[in-house]
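Reading through the structure tokens given below for one structure.
The values are calculated or read from the model by the stated rules, or taken from the named source; none is laboratory data. These numbers come from a predicted model, not from an experiment. Cβ sites come from the backbone with ideal geometry, for glycine too, and all protein chains shown count toward neighbours. Please note that ligands, DNA and RNA were not included when accessible areas were found on the heavy atoms of the full protein model with its side chains. Shrake-Rupley method; radii C 1.70, N 1.55, O 1.52, S 1.80 Å.
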Amino acid sequence: MLRFAYCLYVILIFTNSCSNSNPPIKNVQEAFAIIPKPHSIQILKGRFNLNKNTQVTGSKTLEVEGEYLCKFLSQSSKHTFNYSNNSNGDIILEIDTSINAQEGYNLNISNDKVVLKGKSKKGIFYGIQTLRQLLQSNNKSTEAKPSLYFPCTLINDQPQFNYRGMHLDVCRHFFSVDFVKKYLDIMALHKLNTFHWHLTEDQGWRIEILKYPKLTEVGAWRNGTIVGHYPGTDNDNKRYGGFYTQQEIKDIVDYAQQLHITIIPEIELPGHSSAAIAAYPFLSCFPQEASEVPNDMMSKGSKAAQSAGQAKIVQESWGVYKDVYCAGNEATFNFIEDVLTEVMELFPSKYIHIGGDECPKDYWKKSASCQAKIKELGIKDEHELQSYFIKRIEAFVNNNDKRIIGWDEILEGGLAPDATVMSWRGNKGGIAAAQENHQVIMSPNSHCYFDHYQSEDKENEPLAIGGFLPLEKVYNFNPIPDELEADKHHYILGGQANLWTEYIDSDEKAEYMLLPRMTALSEALWSSPEDRNYEEFKVRLNGFRDQYEYMGVNYAKHVFE
Ligand code: ACM
């Protein structure tokens with residue numbers, strides 16, 4: 001009721017502000033379709049009109065952010081805007097260290113000035129995203145480049161969580177540099193700040209490692225892919241793959257930095273390592289043992305290769321494989337440390353994700369060297385061997401001044417001392433880790449797996465892995481589980497949604513699975529629970545749709561019907 005009264009109040013002020021000389025404007029919910037919802041927003045009378053004399057100014061240190069804003073303004077209007085280094089403009093960017101939150105900003109739009117203050121460059125950047133969403137046109141339908149204005153408002157804003165992430169699996173299917181940049185652009189619009197880049201898998205190794213060229217010469221390519229839902233009806237027998245050169249990685253890292261997005265690379269271990277093993281079979285406990293594809297779905301090319309004596313292949317089907325890095329062989333650790341050394345050079349992120357999920361212990365049980373290692377270490381079983389594996393890698397990463405993140409399986413056999421846990425099998429792992437005073441990122445498959453169907457009408461949906469994750473459920477995601485004691489809440493850094501791509505083989509499909517669910521996620525992570533209301537969000541989302549159209553991204557339109 002209170003919210004309804006507030007909406008009416010806002011509509012009244014806003015309607016009142018439309019003088020006869022101005023063309024009609026969008027209704028208030030559409031004009032203020034800001035997502036994620038700001039912490040506080042006051043809607044004022046009037047508008048700030050952009051014209052050819054509008055100056056965008058601020059300090060030299062905000063040049064990147066200023067140019068970023070000018071790029072949007074120029075693209076949308078008939079004028080060209082450039083950022084200049086002074087404080088006398090009409091749109092002024094300014095660092096204000098008195099703002100509380102590190103990523104916080106204040107925005108004051110009046111008839112003759114726009115003042116955006118941020119605690120940091122990040123705060124300024126998020127304020128710019130809000131400005132971008134507030135940008136209105138006088139007459140969109142008849143002019144290619146219409147006149148633009150911002151409605152007057154006062155906004156104070158800051159996020160609820162510091163970690164606001166999106167993941168992308170580029171291994172099951174590969175995505176181009178241009179698409180990764182577009183993905184980052186979509187994230188930036190939503191004030192998401194962490195990109196978890198899943199770079200190695202059974203089905204493809206996607207990052208150039210100079211010391212081990214076969215990782216990409218061999219490991220980045222598979223001879224075919226199963227057709228249809230796992231375990232498949234056939235194999236398409238098409239060579240498939242791709243990888244990012246180190247130069248491309250640097251370019252993407254730079255691009256992300258300008259968008260204030262940290263990239264966390266994931267190098268999977270000890271499981272999900274078939275592609276690395278295909279490139280360097282010594283990494284397996286059993287280098288001579290032939291790789292298998294479930295239900296005999298192996299491609300003709302791989303069958304021929306195996307007949308000719310090559311045991312290992314890059315995987316062509318989905319699921320989990322028994323052939324994992326051998327934990328009883330020092331050469332495995334040397335290899336991983338070499339790989340991580342190059343990875344840590346490329347990514348400025350404090351965190352390196354080392355995977356740790358879904359590692360069957362079958363080979364370790366049969367392997368003489370793994371069993372000898374268990375004896376030597378005086379540990380109980382293969383779960384403790386996995387824990388030893390992760391702890392050893394953690395020590396190496398820590399020695400390089402970085403920290404590890406692992407999926408919640410890293411709890412099994414004992415957590416590495418400094419590890420951050422990414423809870424995906426529901427909340428349980430996250431709760432257990434927080435109770436052990438470890439940092440946690442919540443990414444439960446109940447609320448954050450965007451490879452699941454977004455409609456129950458599966459007949460009319462593109463093929464997905466399964467499950468059902470509607471928009472409303474994403475919106476209601478709360479990274480802090482009810483069961484977690486209040487004094488442990490601070491261990492929850494935030495949340496993340498994942499886009500696994502077994503069944504996502506094109507940019508358009510990735511965007512379709514992503515949107516509008518990513519939009520709902522952004523509000524779940526940024527806005528406080530007391531500020532959130534799904535029905536009211538849907539009204540804003542309707543206006544926010546324009547952002548998808550401006551960016552030329554695909555999205556699930558049926559959600560709006
Ligand atoms: C996962 O979905 N296997 C982390």
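A few points about this structure:
- From the alpha carbon centroid of the stretch 394-460 to that of the stretch 484-511 is 9 Å.
- Three principal axis extents of the chain based on alpha-carbon atoms, in descending order, are 83, 48, 47 Å.
- Rg to Rh quotient for the stretch 169-302, alpha carbon positions, Kirkwood Rh: 1.02
- C-alpha center-to-center spacing [the stretch 52-86, the stretch 170-222] in angstrom: 32
- Farthest towards the positive end of the charge dipole of the chain, among the residues C359, H229, I480, is the Cα of I480, using unit charges on the Cβ of Lys, Arg, Asp and Glu.
- Considering only the chain, percent of DSSP beta bridges that pair antiparallel, nearest 5: 40
- Of the two radii for the stretch 377-524, the radius of gyration is 1.04 times the Kirkwood radius, both from the alpha carbons; that is the Rg over Rh value.
- Assuming charge only on the beta carbon of Lys and Arg (+1) and of Asp and Glu (-1), the dipole of the stretch 444-488 about its Cα centre is about 120 debye to the nearest 20.
- Anisotropy class of the stretch 394-451 from Cα gyration tensor, a/c 1.5 cut: prolate
- With all protein chains kept in place, the per residue accessible area of the stretch 436-561 amounts to 39 square angstrom at a probe of 1.4 angstrom.
- Contact order, relative form, for the chain: 14 percent (alpha carbon pairs under 8 Å, 6 or more residues apart, mean separation divided by residue count).
- Surface exposure of the stretch 237-379, expressed per residue as accessible area with a 1.4 Å probe, stands at 40 Å².
- Helical mean residue ellipticity (222 nm; -39500 (n - 2.57) per DSSP H run of 4+; nearest 500) of the chain: -10000 deg cm²/dmol
- Carbon + sulfur, % of accessible area of the stretch 327-397 - ligands and nucleic acids excluded, 1.4 Å: 50
- The stretch 170-266 - percent of accessible surface contributed by carbon and sulfur, probe 1.4 Å: 49
- Dipole magnitude of the stretch 404-561, debye to nearest 20 (Cβ charges: Lys/Arg +1, Asp/Glu -1, about Cα centre): 100
- Alpha carbon convex hull of the stretch 242-328, projected area averaged over orientations, nm²: 7.4
- Look at the Cα gyration tensor of the stretch 328-411: its axes a ≥ b ≥ c give a/c of at least 1.5 with a/b over b/c, and that counts as prolate.
- Fully extended contour minus Cα-Cα distance, from V539 to S76, at 0.36 nm per residue: 164.3 nm
- Each residue of the stretch 313-321 is assigned a 3J(HN,Hα), and the resulting list reads 10, 6, 5, 10, 10, 9, x, 10, 10 Hz, derived from the Karplus form 6.51 cos²θ - 1.76 cosθ + 1.60 (θ = phi - 60°), x at Gly and Pro.
- Within the stretch 187-221: backbone nitrogen closer than 12 Å to the E345 label point (7 Å, Cα to C-beta): 209-212
- Efficiency of FRET between L210 and D178 - r from beta-carbon atoms, R0 22 angstrom, step 0.05: 0.35
- Rounded to 5, percent antiparallel among DSSP beta bridges of the stretch 126-253: 55
- FRET efficiency estimate (nearest 0.05) - Cβ-Cβ, K366 to D236, R0 25 angstrom: 0.15
- Dipole axis of the stretch 164-255 (+1 Lys, Arg; -1 Asp, Glu on Cβ), positive-most option in A220, F175, I252: I252
- Between N51 and S506, the contour length at 0.36 nm per residue exceeds the alpha carbon distance by 159.8 nm.
- Between E485 and E436, the simple spin-label model (points 7 angstrom out along Cα→Cβ) gives 1.6 nm.
- Which listed pairs, of K37/K119; K303/K509; K121/K191; K52/K122; K238/K509, have C-alpha distances above 22 Å, in listed order: K303/K509; K52/K122
- Alpha-carbon Debye profile of the stretch 59-174, log10 I(q)/I(0) at 0.10 Å⁻¹: -0.36
- Computed magnitude of the charge dipole of the chain (debye, nearest 20; Cβ of K, R +1, Cβ of D, E -1): 1440
- For the stretch 172-231: accessible area per residue (Å², 1.4 Å): 26
- In the chain, taking the dipole from charged Cβ atoms about the Cα centre, the farthest positive-side position among I313, Q55, G328 is held by Q55.
- Of the solvent-accessible surface of the stretch 400-498, computed with a 1.4 Å probe and all protein chains present, 46% belongs to carbon and sulfur.
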